[in-house]
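The values are calculated or read from the model by the stated rules, or taken from the named source; none is laboratory data. In this text, all values refer to a predicted model and were calculated from it rather than measured experimentally. Side chains included, ligands, DNA and RNA excluded: accessible areas come from the protein's heavy atoms. Shrake-Rupley method; radii C 1.70, N 1.55, O 1.52, S 1.80 Å.
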Amino acid sequence: EREREREEREMGFGAGLLKLTSALSVIVSIVLIGVSGYVYHKQDPHLGQIALARIAVQGSLALGVLIFILSVVGYAGASSKSRCLIYLFFGALQTAFAGIVAITAALYTGMPWIDQQLETLCKEHPWENCTDQVPKIEATMRDHLTLVRTISLSICVFLLGIIHASFWAVSESKRSAYQELPSYNKPNTFVVS
(Lines give C-alpha, C1' and ligand atoms only; values in the text may rest on other atoms or scores of the structure.)
Protein backbone atom coordinates (compact mmCIF):
# COMPACT_ATOMS: atom_id res chain seq x y z
CA GLU A 1 0.00 0.00 0.00
CA ARG A 2 2.76 2.46 0.95
CA GLU A 3 4.73 1.50 -2.12
CA ARG A 4 1.76 2.35 -4.31
CA GLU A 5 1.26 5.72 -2.58
CA ARG A 6 4.97 6.51 -3.04
CA GLU A 7 4.74 5.64 -6.74
CA GLU A 8 1.72 7.91 -7.16
CA ARG A 9 3.54 10.81 -5.48
CA GLU A 10 6.67 10.37 -7.57
CA MET A 11 6.63 11.98 -10.92
CA GLY A 12 7.31 9.70 -13.87
CA PHE A 13 9.66 10.52 -16.72
CA GLY A 14 6.84 11.74 -18.98
CA ALA A 15 5.41 14.11 -16.37
CA GLY A 16 8.89 15.44 -15.57
CA LEU A 17 9.61 15.97 -19.26
CA LEU A 18 6.23 17.66 -19.69
CA LYS A 19 7.02 20.04 -16.83
CA LEU A 20 10.37 20.91 -18.40
CA THR A 21 9.02 21.40 -21.92
CA SER A 22 6.03 23.38 -20.63
CA ALA A 23 8.34 25.70 -18.72
CA LEU A 24 10.50 26.15 -21.82
CA SER A 25 7.46 26.72 -24.02
CA VAL A 26 6.50 29.70 -21.87
CA ILE A 27 9.75 31.31 -23.02
CA VAL A 28 9.23 30.23 -26.63
CA SER A 29 5.67 31.58 -26.67
CA ILE A 30 6.83 34.92 -25.26
CA VAL A 31 9.36 35.13 -28.10
CA LEU A 32 6.62 34.40 -30.66
CA ILE A 33 4.32 36.98 -29.07
CA GLY A 34 7.12 39.56 -29.02
CA VAL A 35 8.19 39.02 -32.62
CA SER A 36 4.61 38.86 -33.94
CA GLY A 37 3.66 41.96 -31.95
CA TYR A 38 6.71 43.82 -33.26
CA VAL A 39 5.95 42.87 -36.87
CA TYR A 40 2.28 43.75 -36.42
CA HIS A 41 3.18 47.14 -34.93
CA LYS A 42 5.82 47.97 -37.57
CA GLN A 43 3.82 46.63 -40.50
CA ASP A 44 3.18 49.12 -43.28
CA PRO A 45 -0.51 50.11 -43.48
CA HIS A 46 -0.63 49.15 -47.17
CA LEU A 47 0.57 45.65 -46.33
CA GLY A 48 -2.41 45.31 -43.97
CA GLN A 49 -4.65 45.25 -47.03
CA ILE A 50 -3.09 41.96 -48.14
CA ALA A 51 -5.02 39.25 -46.32
CA LEU A 52 -2.31 36.58 -46.19
CA ALA A 53 0.26 38.89 -44.59
CA ARG A 54 -2.24 40.27 -42.09
CA ILE A 55 -3.71 36.88 -41.13
CA ALA A 56 -0.28 35.26 -40.81
CA VAL A 57 0.98 37.91 -38.40
CA GLN A 58 -2.25 38.11 -36.40
CA GLY A 59 -2.54 34.31 -36.35
CA SER A 60 1.00 33.84 -35.07
CA LEU A 61 0.31 36.45 -32.37
CA ALA A 62 -2.87 34.62 -31.31
CA LEU A 63 -1.12 31.24 -31.37
CA GLY A 64 1.68 32.66 -29.25
CA VAL A 65 -0.87 33.64 -26.62
CA LEU A 66 -2.57 30.22 -26.91
CA ILE A 67 0.75 28.39 -26.52
CA PHE A 68 1.55 30.51 -23.46
CA ILE A 69 -1.77 29.58 -21.83
CA LEU A 70 -1.34 25.92 -22.80
CA SER A 71 2.15 25.91 -21.31
CA VAL A 72 0.74 26.94 -17.95
CA VAL A 73 -1.99 24.28 -18.24
CA GLY A 74 0.58 21.63 -19.20
CA TYR A 75 2.85 22.53 -16.30
CA ALA A 76 -0.08 22.49 -13.86
CA GLY A 77 -1.30 19.16 -15.24
CA ALA A 78 2.15 17.58 -14.95
CA SER A 79 2.68 18.97 -11.45
CA SER A 80 -0.67 17.81 -10.13
CA LYS A 81 -0.71 14.65 -12.28
CA SER A 82 -4.24 15.62 -13.27
CA ARG A 83 -5.33 13.45 -16.18
CA CYS A 84 -8.05 15.93 -17.10
CA LEU A 85 -5.56 18.81 -17.47
CA ILE A 86 -3.08 16.65 -19.34
CA TYR A 87 -5.79 15.45 -21.77
CA LEU A 88 -6.97 19.04 -22.28
CA PHE A 89 -3.39 20.13 -22.85
CA PHE A 90 -2.70 17.26 -25.25
CA GLY A 91 -5.79 17.94 -27.39
CA ALA A 92 -5.45 21.71 -27.48
CA LEU A 93 -1.73 21.51 -28.20
CA GLN A 94 -2.42 19.44 -31.31
CA THR A 95 -4.77 22.19 -32.52
CA ALA A 96 -2.14 24.84 -31.84
CA PHE A 97 0.43 22.70 -33.66
CA ALA A 98 -1.84 22.45 -36.72
CA GLY A 99 -2.34 26.22 -36.68
CA ILE A 100 1.35 27.05 -36.42
CA VAL A 101 2.15 24.55 -39.21
CA ALA A 102 -0.48 26.23 -41.43
CA ILE A 103 0.93 29.70 -40.75
CA THR A 104 4.49 28.54 -41.38
CA ALA A 105 3.52 26.81 -44.62
CA ALA A 106 1.56 29.87 -45.76
CA LEU A 107 4.54 32.12 -45.11
CA TYR A 108 6.97 29.76 -46.88
CA THR A 109 4.81 29.45 -49.97
CA GLY A 110 3.09 32.84 -50.00
CA MET A 111 5.99 35.33 -49.95
CA PRO A 112 6.17 35.78 -53.76
CA TRP A 113 2.39 36.12 -53.88
CA ILE A 114 2.48 38.85 -51.21
CA ASP A 115 5.10 40.77 -53.24
CA GLN A 116 2.92 40.46 -56.32
CA GLN A 117 -0.19 41.62 -54.44
CA LEU A 118 1.63 44.69 -53.11
CA GLU A 119 2.69 45.67 -56.65
CA THR A 120 -0.88 45.11 -57.88
CA LEU A 121 -2.20 47.24 -55.02
CA CYS A 122 0.15 50.05 -56.04
CA LYS A 123 -1.02 49.87 -59.67
CA GLU A 124 -4.74 49.65 -58.93
CA HIS A 125 -4.94 51.98 -55.92
CA PRO A 126 -1.87 54.21 -56.15
CA TRP A 127 -0.82 56.33 -53.21
CA GLU A 128 1.74 59.10 -53.13
CA ASN A 129 5.20 57.84 -54.18
CA CYS A 130 3.95 54.25 -54.29
CA THR A 131 6.41 53.16 -57.00
CA ASP A 132 9.30 54.44 -54.87
CA GLN A 133 7.92 52.97 -51.65
CA VAL A 134 6.98 49.48 -52.88
CA PRO A 135 10.58 48.12 -53.02
CA LYS A 136 11.27 49.45 -49.50
CA ILE A 137 7.98 48.03 -48.20
CA GLU A 138 8.70 44.69 -49.88
CA ALA A 139 12.20 44.48 -48.37
CA THR A 140 10.97 45.35 -44.88
CA MET A 141 7.99 43.03 -45.21
CA ARG A 142 10.20 40.19 -46.45
CA ASP A 143 12.56 40.63 -43.47
CA HIS A 144 9.69 40.77 -40.95
CA LEU A 145 7.74 37.85 -42.37
CA THR A 146 10.92 35.78 -42.70
CA LEU A 147 11.55 36.40 -39.01
CA VAL A 148 8.01 35.27 -38.11
CA ARG A 149 8.35 32.29 -40.47
CA THR A 150 11.67 31.17 -38.99
CA ILE A 151 10.44 31.41 -35.41
CA SER A 152 7.20 29.65 -36.34
CA LEU A 153 9.14 26.79 -37.91
CA SER A 154 11.31 26.48 -34.81
CA ILE A 155 8.21 26.42 -32.62
CA CYS A 156 6.70 23.67 -34.83
CA VAL A 157 9.68 21.46 -34.10
CA PHE A 158 9.58 22.36 -30.41
CA LEU A 159 5.84 21.62 -30.20
CA LEU A 160 6.45 18.14 -31.58
CA GLY A 161 8.65 17.49 -28.55
CA ILE A 162 6.00 18.86 -26.19
CA ILE A 163 3.31 16.71 -27.81
CA HIS A 164 5.57 13.69 -27.35
CA ALA A 165 6.15 14.59 -23.67
CA SER A 166 2.42 15.08 -23.08
CA PHE A 167 1.73 11.71 -24.71
CA TRP A 168 4.18 10.11 -22.28
CA ALA A 169 2.55 11.90 -19.36
CA VAL A 170 -0.91 10.76 -20.49
CA SER A 171 0.26 7.15 -20.87
CA GLU A 172 1.86 7.26 -17.39
CA SER A 173 -1.36 8.56 -15.87
CA LYS A 174 -3.30 5.74 -17.53
CA ARG A 175 -0.80 3.15 -16.35
CA SER A 176 -1.14 4.33 -12.74
CA ALA A 177 -4.90 3.64 -12.90
CA TYR A 178 -4.22 -0.08 -13.09
CA GLN A 179 -3.55 -2.18 -10.03
CA GLU A 180 -2.36 -5.72 -9.75
CA LEU A 181 -4.85 -8.40 -8.74
CA PRO A 182 -3.57 -11.25 -6.63
CA SER A 183 -3.09 -14.36 -8.69
CA TYR A 184 -2.66 -17.90 -7.55
CA ASN A 185 0.20 -19.30 -9.59
CA LYS A 186 -1.12 -17.55 -12.70
CA PRO A 187 0.30 -14.69 -14.77
CA ASN A 188 -0.27 -11.21 -13.37
CA THR A 189 -3.73 -9.87 -14.07
CA PHE A 190 -4.58 -6.16 -14.03
CA VAL A 191 -7.86 -4.37 -13.60
CA VAL A 192 -8.81 -0.68 -13.84
CA SER A 193 -9.60 0.72 -10.40
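Once you compute Rg and the Kirkwood Rh from C-alpha atoms, what is the Rg to Rh ratio for the stretch 64-106?
Details: Rg = 11.3 Å, Rh = 10.7 Å.
Taking Rh as the inverse mean 1/r over Cα pairs, Rg/Rh reads 1.06.
Return a whole-number percent for the relative contact order of the stretch 26-130, with Cα pairs under 8 Å and 6 or more residues apart as the contact set. Each step should come with its number before you reach the end.
Numbers: 68 pairs, mean separation 31.0, N = 105.
Rounded, it is 29 percent for the stretch 26-130.
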Starting at the first residue of the stretch 118-130, write each ³J(HN,Hα) from the Karplus equation 6.51 cos²θ - 1.76 cosθ + 1.60 with θ = phi - 60°, in whole Hz, x for Gly and Pro.
-> 5, 5, 5, 4, 5, 6, 7, 10, x, 10, 4, 6, 5
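Sorted by accessible area (1.4 Å probe), largest first, how do H46, H41 line up? Before the final figure, lay out each step's value.
Numbers: H46 45, H41 140 Å².
Solvent-accessible surface, decreasing: H41, H46.
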